[in-house]
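The values are calculated or read from the model by the stated rules, or taken from the named source; none is laboratory data. Model, not experiment: these values are computed from the prediction. Please note: Cβ atoms are built from the backbone with ideal geometry, for glycine as well, and neighbour counts cover all protein chains shown. SASA here: full protein model, heavy atoms, side chains in, ligands and nucleic acids out. Shrake-Rupley method; radii C 1.70, N 1.55, O 1.52, S 1.80 Å.
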Amino acid sequence: MSDISPKDWSRREFLTGMGAAAAGMALSSCAISGDRSAKGLTEEALEIKPVVDPKTLEKPNLTVGYVPVNDCAPFAIAWKKGLFRKYGLNVTLNREASWATSRDGVIFGRTDAAPVVSGAVTNARIGAEGARHAPLCAGMTIHRHGNAMTMNRKMWDFGLRPWYEYNGDLEAFGKQFRAYFESQSTENRVWAVVLSSSIYEYFIRYLSAAAGIDPLKEFRVIIVPPPQMVTNVRIGAMQAYMVAEPWNTRAIYEKATNGDQGIGFTFAQGKEIWLGHPDRLLGVMESFIEKYPKTYRSLLKAMIEACQYCGDPNNGDEVAKLLTERSFTGAKPKTGPVDKFTRPAIVGDYNYGGFDGKERIVKSPDTTVFFNIPPNIPQQPGEHSTFMWRSRSIWLMTQAARWGQIKQVPKNAEELASKGWRSDIYREVAAELGIPCPKDDYKVEPPEVFIDKKGFDPSDPVGYLNSFEIRANRPQSLFMS
């Protein structure tokens, strides 16, 4: 195995194999731990008087999935506070083992709705490699940010440090990054993400290419469910990963095999790759919207209000503690505050960790953005984090093309974006809730929000794609002697 070059791997064969392995681990996990889903109605929910009569809805009884990461917070709050009940819904929450099962549960009808990774809706529409071809839709963003890249102890010992310590010097980081890979055998060049169509895969590849390293040649990307990330780094199955919190913070405090505290450190939060990026979307099938339009709008209202609650700084402590419950992340430390793992990304006291005894806590209101957008993030009038920009669906298409998941940016990119990212319905719902929205569906992303200072104009996605030196299927220059 060690003499096989990363470029000799068939991407489709590898994704298929890893998908099967992840599914097997997920099924095994479910068999051992049983169903942990949040059940019944809380006392708070029972006290809520519905403003929508369930009898007026086409399908008031819904099954909604969620994944055990911090961004299940709006689902937890909607359940605990009775927001589903407020809008005439009787929701059964279903705890999913991975982002693949969360997506596929919606596609195959096991669940009515569930969070899906940024890219899942877009890639399902375009039939990208590694994604199921299906008419998925999303009407809102669950949150922005709230994720990070974790590197292991060996990468720290080699000299790599959190990105902010490089002061924006991609060249200096690139030299260290390349030197690390050159010092490693093939089996020690593995990064994990939660799903092949996730923005996390694109971020890992984007970062590497920005630093001058071709990610298609230098390392492999594998798929691992979020709760299994820490363990897989501890046993050496991979060297780094990108995932939603609390699974980055947990790596900082987790005991290593030698008994030392910490198996990794946070290299960068996703917001340092693209400031303001969307992370999770609320996925449903197109047929659900068509068959149950009133039900769908009630679901959106409940989730928007839940996101508003989670985004209120006054509720941060409550949300962080709720997430530690076994039904949600189950991430409780053996010692210290019960929310030691979940709190940093919710309240914004983010710890990058490290192995030199220094404190690397960065306080920021944009660590996870559930509704109100902090002023440091460029934004349009009336914009809030649950609003979906269709232009960002097109950005995801450029990345699918850049890394060979599709042959080219679709010629009907805007049509595909409009079918998948239903900002039209979101505007209707937001108006009924008295929430303003931007008037446009597309916007230019300014250069300063990306790590490589390369802006994105959705009116020219092909030109944007071709501007990258490192990409799959790039035309090669031939020289005659």
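Given Lys271/Lys453; Lys217/Lys271; Lys332/Lys363; Lys363/Lys453, which pairs have Cα atoms separated by over 20 Å? The answer is Lys217/Lys271; Lys332/Lys363; Lys363/Lys453.
Taking Cα atoms of the stretch 130-289, Rg/Rh with Kirkwood Rh, to two decimals?
Rounded to two decimals, Rg over Rh is 0.99.
Taking 1.002 mPa s as the viscosity and 20 °C as the temperature, the Stokes-Einstein diffusion coefficient of the stretch 168-223 based on its alpha-carbon Kirkwood radius rounds to 184 µm²/s.
Annotation: Cα Rg of the stretch 239-281 relative to the compact-globule expectation 2.2 N^0.38 Å equals 1.37. Other residues within the sphere of radius under 13 Å centred on the Cβ of Glu448, judged by their own Cβ, net out at 0 (K and R +1, D and E -1).
Tell me the volume per residue, in Å³, of the convex hull enclosing the alpha carbons of the chain.
It comes to 149 Å³ per residue, whole-number rounded.
Measuring nothing but protein heavy atoms, the accessible surface of the chain at 1.4 Å probe radius is 50 percent carbon and sulfur. With helices as the sole contributors, the chain gives -10000 deg cm²/dmol at 222 nm; each DSSP H run of n ≥ 4 counts as -39500 (n - 2.57), and the sum is divided by every residue. Length available on full extension from Glu318 to Asp53: 0.36 nm per residue minus the Cα-Cα distance, which gives 92.5 nm. Derived value for the stretch 226-319: Kirkwood hydrodynamic radius 16.6 Å. Basis is the mean of 1/r over every pair of different alpha-carbon atoms.
Our analysis of the stretch 297-342 gives Rg over Rh at 1.09, with the two radii drawn from alpha carbon positions and Rh computed by the Kirkwood formula. Residue separation of Asp35 and Lys255 scaled by 0.36 nm, minus their Cα-Cα distance, works out to 76.5 nm of gained length.
If a paramagnetic tag sat 7 Å from the Cα of Lys453 along the Cα-Cβ line, which residues of the stretch 165-206 would have the backbone N under 16 Å from that point? Residues passing the 16 Å test: 166-174. Using θ = phi - 60° in the Karplus curve 6.51 cos²θ - 1.76 cosθ + 1.60, the 3J(HN,Hα) couplings for the stretch 296-310 round to 4, 5, 5, 5, 4, 4, 4, 6, 5, 5, 5, 5, 4, 5, 5 Hz; x is entered for Gly and Pro.
At 1.4 Å probe radius, can you tell me the per residue accessible area of the stretch 251-378 in Å²?
Per-residue accessible area for the stretch 251-378 comes out at 39 Å².
Length available on full extension from Glu171 to Asn412: 0.36 nm per residue minus the Cα-Cα distance, which gives 83.1 nm. Here the dipole of the stretch 69-195 is about 560 debye; that uses its Cα centre as origin and unit charges on the Cβ of Lys and Arg (positive) and Asp and Glu (negative).
Its alpha carbons give the stretch 378-481 an Rg and a Dmax of 16.8, 69 Å.
Taking the Cα centre of the chain as origin and assigning +1 to Lys and Arg Cβ atoms and -1 to Asp and Glu Cβ atoms, the resulting dipole is close to 760 debye. Ordering 243-256, 429-442 by mean Cβ neighbour count within 10 Å, with the highest value first, yields 243-256, 429-442. The modelled label-to-label distance between Glu290 and Phe181, using points 7 Å beyond Cα along the C-beta direction, is 4.4 nm.
This model, with +1 at the C-beta of Lys and Arg and -1 at the C-beta of Asp and Glu, gives the stretch 183-259 a dipole about its Cα centre of some 120 debye. The Rg/Rh ratio of the stretch 410-458, with both radii computed over alpha carbons and Rh defined as the Kirkwood radius, is 1.09. Listed values for the stretch 409-419 are Karplus-derived 3J(HN,Hα) couplings in whole Hz (6.51 cos²θ - 1.76 cosθ + 1.60, θ = phi - 60°), namely 5, x, 5, 9, 4, 5, 5, 5, 5, 5, 6, and x replaces Gly and Pro. Along the stretch 346-361 the Karplus relation, 6.51 cos²θ - 1.76 cosθ + 1.60 evaluated at θ = phi - 60°, assigns HN-Hα couplings of 7, 8, x, 9, 8, 9, 7, x, x, 10, 10, x, 7, 8, 10, 9 Hz to successive residues, with x for each Gly and Pro. Normalised by 2.2 N^0.38 Å, where N counts its residues, the alpha-carbon radius of gyration of the stretch 236-395 equals 1.19.
Based on the reciprocal of the average 1/r between different C-alpha atoms, the Kirkwood radius for the stretch 72-147 equals 13.6 Å. Taking the convex hull of the Cα atoms, report for the stretch 70-209 its projected area averaged over all directions, in nm². Computing the convex hull of the Cα atoms and averaging its projections yields 11.2 nm².
Take the Cα radius of gyration of the stretch 343-411 and divide it by 2.2 N^0.38 Å, N being the number of residues; the result is 1.59.
Within the same chain, aspartates and glutamates fewer than 8 places from Lys49 are excluded, and of the rest, those with a Cα less than 17 Å from its Cα are Glu305. Judged by the mean number of other Cβ atoms found within 10 Å, the most tightly packed of the peptides 162-174, 112-124, 44-56 leads the ranking 112-124, 162-174, 44-56.
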